[in-house]
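Some notes on the structure that comes next.
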Amino acid sequence: NFYFYIIFILLFSCNNDEKVIENFINSDPLPVEEMLNSTIIYTENGDVRVKIVSSKMTRYIKPENIITFSEGVKVDFYTDSTNKKSVLTSQNASVNNKTQIMIATDNVKLLSYDNKELLTEELIWDQKNNLIYTEREVKISTEDEVIYGVGFSSTPDFTEYEIKKAKGSFNLKKD
């Protein structure tokens, strides 16, 4: 009799609550890889084009193939393996490997080799179209001027750029 009661209690103490199972199955996607102090190098025909250094990198394959970078990110853009064009830094970034788009967020700074500096809160790099852009507020500082605006686009080397809704101190040279 005693054993019967113990088996009876054990059988009825097991509970498969549908909500618990559903929450377990539908929980946030788990990373397939996580690294601290990581470096990723993208090359083209043997030349380094982009180098991404991050304090923390996390890679997911479901629901999408995405790499997230956090706790400080630095992206170096090169013309070839030895000539750095520009440097992008931010607190966080994510790269969608299917669309080849990186979104850098939080204290984003883009610095060109000729000391132009862009500050914003979000900057998008479209690798396929070789374009960096944002629809957010921007501040661009050069040796001669400071320009504010909303909306920005440029090539990753930051040599020529366009600002939408620009305002600030402009240095117009007369020929």
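Coordinate-derived values only; no laboratory data. No experiment lies behind these values; they were computed from the predicted model shown. Cβ atoms come from the backbone with ideal geometry, glycine included; neighbour counts cover every protein chain shown.
Table for the structure above
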| item | result |
| --- | --- |
| Estimated D of the range 68-175 in µm² per second, where Rh is the Kirkwood radius over Cα pairs and Stokes-Einstein applies at 37 °C, 0.692 mPa s | 231 µm²/s |
| Intensity falloff of the range 50-98 expressed as log10 I(q)/I(0), Debye formula with alpha-carbon point scatterers, at q = 0.15, 0.24, 0.31 Å⁻¹ | -0.44, -0.86, -1.05 |
| Lys, Arg +1 and Asp, Glu -1 on Cβ, resulting dipole of the range 67-110 about Cα centre, debye, nearest 20 | 100 debye |
| Largest-first ellipsoid semi-axes for the range 27-71, taking √(5λ) over the Cα gyration tensor eigenvalues, angstrom | 23, 13, 7 |
| Euclidean distance between Cα centres, the range 81-106 to the range 132-164, Å | 16 Å |
